[in-house]
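Report on the following structure.
The values are calculated or read from the model by the stated rules, or taken from the named source; none is laboratory data. It should be emphasised that the depicted structure is a prediction, and the values quoted were computed from it without experimental measurement. So basically every Cβ, Gly included, is an ideal-geometry build from the backbone, and we count neighbours across all protein chains shown.
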Amino acid sequence: MKILICTGIYPPLVGGPAQYAKEIEDEFRRQGHSVKILTYVLERKLPPIIRHKLFFWRSFFAMFGTDFVIALDTFSVGFPAVCAANLLQKKIIIRTGGDFLWESYVERTGDLILFKDFYQKRLNKLNLKEKLIFLVTRFTLENASAVVFSTQWQRDIFTKAYSLKTKKNFVIENFYGPKIESHTPSQKVFVAGARNLKLKNFSNLKKTFSIAQKNNHDIKLDLDTAPYEKFLKKIQSSYAVISVSLSEVSPNLILDALRSNKPFICTRETGLYNKLKDVGIFVDPNNPEEIAEKISYLASEDGYRKSLENIRIFTYTHSWTEIINEFCVVYKALSLKGKI
């Protein structure tokens, strides 16, 4: 098949969509398919409406001769790609990552609302730009041939918020890789590197970590980011990883910790909770006392030993081959039924 992948970022740029795009591109090619990547270039320097128009025309011409399209967000590339695909009557699968609307609202207002509560409690507080993002996102999801989520948790939230047809929504889990090399840590470093956004809850994390340090003087917090391969090596050499974001759909930080046999502390507001609740340590992101308590627990010899054992016995995998095969199953269903 001939496949077009639309993504706002692509390596060497750092981020989940960039890594996801590269991995599925490589796997499609390994299976003998022809793949074209379309990503932002000049668009990064342009204001929203103009960059959407430019990407629309670029995706429109890129779609000639393709069998189907995968777009890796709902707004930046998803919206113009869906418009182009509908004009050309091409099958397009939208794969959601996080939620651009919720992220934008939290960043603008500093209102630390949980993702699961956002659509029920904050839609009446959106500004004009955010209302437009909501309408554009709804249009994109309604007019995509199919929508793929990485967790049932996000699927349920979006289905209700955007009144989506459940029969066109699919769940394709994120990548759970096989175990990789893990290094014995020389220091008790908790890796927490991520984009510096308010939803990442870094101010709360710093405060709670300082509380935990009063009784655990040897623990350290690493908030630095790095290109993916370098960052993965940092995880492999860490003591543990920690993410207390307001909400996380399917955090790569935690999935890479699993691969590296590293204990983790993660927000309970995540699509991974049901699958990993007996594997890692989960906390209320708005409860500093609980977070500090779990950091201290993991810093203890007994707590670390038990957590490490839970991680080591977790052997579930979900390979890029399986992910690609599941995308192909969705495409075949579309081919048989037309637009769902």
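Just one residue in the set 55, 60 is in a helix (DSSP H, G or I) and either over 28 Å from residue 227 (Cα atoms) or not assigned by TED's automatic domain parsing to the domain that holds residue 134 (or both); that residue is 60.
Does residue 187 satisfy the condition of being under 30 Å from residue 315 (Cα atoms), surrounded by fewer than 18 Cβ atoms within 10 Å (Cβ to Cβ) and in contact with a Phe, Trp or Tyr (Cβ under 8 Å, 6 or more places away or on another chain)?
Yes; evaluated as a whole, the condition is true for this residue.
Residues 123, 197, 128, 112: which one is out of contact with any helix residue (DSSP H, G or I) (no Cβ under 9 Å at 6 or more places or on another chain), among the aliphatic types (A, V, I, L, M) and over 30 Å from residue 321 (Cβ atoms)? Criteria check complete, one pass: 128.
For segment 270-289, a residue qualifies if it is crowded, with 23+ Cβ neighbours inside 10 Å and assigned to a loop (DSSP other than H, G, I, E, B), and the qualifying residues are 271, 272, 280, 285. Residues 28, 75: which one is surrounded by 15 or more Cβ atoms within 10 Å (Cβ to Cβ) and not in a loop (DSSP other than H, G, I, E, B)? Exactly one of 28, 75 is surrounded by 15 or more Cβ atoms within 10 Å (Cβ to Cβ) and not in a loop (DSSP other than H, G, I, E, B), namely 28.
Among the candidates 284, 302, 278, single out the residue that is assigned by TED's automatic domain parsing to the domain that holds residue 235 and without any contact (Cβ under 8 Å) to a residue 12 or more places away in the chain.
None of the other options fit; the residue is 302.
When segment 163-176 is limited to residues that are surrounded by fewer than 17 Cβ atoms within 10 Å (Cβ to Cβ) and not in a strand (DSSP E or B), the one that is modelled with the highest pLDDT turns out to be 163.
Can you say whether residue 309 is in contact with a strand residue (DSSP E or B) (Cβ under 9 Å, 6 or more places away or on another chain), surrounded by fewer than 17 Cβ atoms within 10 Å (Cβ to Cβ), assigned to a helix (DSSP H, G or I) and at pLDDT 95 or above, as far as the supplied structure shows? Spelling it out, it is not the case that residue 309 is in contact with a strand residue (DSSP E or B) (Cβ under 9 Å, 6 or more places away or on another chain), surrounded by fewer than 17 Cβ atoms within 10 Å (Cβ to Cβ), assigned to a helix (DSSP H, G or I) and at pLDDT 95 or above. Annotation note: Cβ proximity below 7 Å between a residue of segment 1-24 that is of a type in the set (Phe, Trp, Tyr) and a residue that is surrounded by 18 or more Cβ atoms within 10 Å (Cβ to Cβ) and not in a loop (DSSP other than H, G, I, E, B) (sequence gap 6+ or interchain) occurs for 10/18; 10/21; 10/39. Looking only at residues of segment 147-162 that are assigned to a loop (DSSP other than H, G, I, E, B) and not β-branched (Val, Ile, Thr), we find that the one that is nearest to residue 98 (Cα to Cα) is 150. For segment 233-269: of the residues being assigned to a loop (DSSP other than H, G, I, E, B) and aliphatic (A, V, I, L, M), which is surrounded by the most Cβ atoms within 10 Å (Cβ to Cβ)? So the residue we want is 244. State whether one or more residues within segment 130-146 are in a strand (DSSP E or B), of a type in the set (S, T, N, Q) and not assigned by TED's automatic domain parsing to the domain that holds residue 201. Within segment 130-146 (the criterion being in a strand (DSSP E or B), of a type in the set (S, T, N, Q) and not assigned by TED's automatic domain parsing to the domain that holds residue 201), the answer is no, since none of the residues qualifies.
Among residues belonging to segment 263-283 that are under 15 Å from residue 245 (Cα atoms) and among the charged types (D, E, K, R), point out the one that is nearest to the chain's Cα centre (by Cα). If you could, list the steps in order and put the result at the bottom.
As a first pass, look at segment 263-283 and keep what is under 15 Å from residue 245 (Cα atoms): 264-273, 281-283.
Then drop every residue that is not among the charged types (D, E, K, R), which leaves 268-269.
Values: 268: 15, 269: 13 Å.
My answer is 269.
Which one is surrounded by the most Cβ atoms within 10 Å (Cβ to Cβ) among residues in segment 191-232 that are among the small types (Gly, Ala, Ser) and assigned to a helix (DSSP H, G or I)? This residue is 212. Remark: pairs (first residue in segment 152-170, within 15 Å of residue 137 (Cα to Cα); second residue surrounded by fewer than 19 Cβ atoms within 10 Å (Cβ to Cβ) and among the basic types (Lys, Arg); Cβ separation under 9 Å; 6+ apart in sequence or on different chains) = 157/116; 159/165; 161/138; 162/138; 163/138; 164/138.
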